[in-house]
Amino acid sequence: MNTFVRTSCAAAVAATALLLSACGGGNDDDPTPSDQLGVLTVTGSTVDGLNGVYGDGNINLTDVDKKNPIGSYPEVCTFRFDGANRVGGSGQAFGDIRYQPDATSVYEAFFTFMDREFRADDGWSDVAVVRDTDRIRLVNKTLTATDGSGARVTVSGVIPMRPNRPSGC
């Protein structure tokens, strides 16, 4: 009986591992390949080596999810992206974007260029959520490093969104 239990447990563990690997490791929060192009151009960086174009093909995306947390944080539509490889160099950009349902501008976002995270100190009201083309559009948006260093970049470009979004997103 003891051998039967061990064999059954081993088979169950193997089956679970196989199922998780088939669906991407069991973490559906990781961006997956999309057929949508995205590009970000960084200029005016106060950090050496960050200026350049990020996005040499299709961008990896998560699905857009609607989250309504408890507390004072508002309901948001949120998604993440990665795979925006630097053109002509090494490194990549990735990020986390949040906007309120039915809003035309971003509520909050974090962009990382070559392992350095940035956000907007002055808000995101000038960054457009363009639902009819499934895009987030930035034009000369100044971002500040989240590490307290005061480092800044200016970013322009488009980040795609998956078209199968929840109502209002």
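The values are calculated or read from the model by the stated rules, or taken from the named source; none is laboratory data. Remember, predicted model here, so these are calculated numbers, not experimental data. Here the Cβ is made from the backbone with ideal geometry for all residues, glycine too, and neighbour counts use every protein chain on show. Side chains included, ligands, DNA and RNA excluded: accessible areas come from the protein's heavy atoms. Shrake-Rupley method; radii C 1.70, N 1.55, O 1.52, S 1.80 Å.
Accessible surface for Thr154 stands near 30 Å², nearest 10, in the context of the full protein assembly shown (1.4 Å probe). Measuring only protein heavy atoms, the 1.4 Å probe finds Arg162 accessible over about 40 Å². In the complete set of protein chains, residue-level accessible area for Glu75 is approximately 70 Å², probe 1.4 angstrom. For the pair Asn68 and Thr142, the difference between a 0.36 nm per residue extended length and the Cα-Cα distance amounts to 23.8 nm. The stretch 68-169 has equivalent-ellipsoid semi-axes of 23, 17, 12 Å, by the square roots of 5 times the alpha carbon gyration tensor eigenvalues, sorted largest first. If R0 is taken as 35 Å, the Cβ-Cβ distance between Asn164 and Asp122 corresponds to a FRET efficiency of 0.65.
Once divided by 2.2 N^0.38 Å, the Cα radius of gyration of the stretch 23-134 becomes 1.12. Under a plain spin-label model, where a point goes 7 Å from the Cα along Cα-to-Cβ, how far apart in nm are Arg152 and Asp30? Rounded to a tenth, the inter-label distance reads 3.7 nm.
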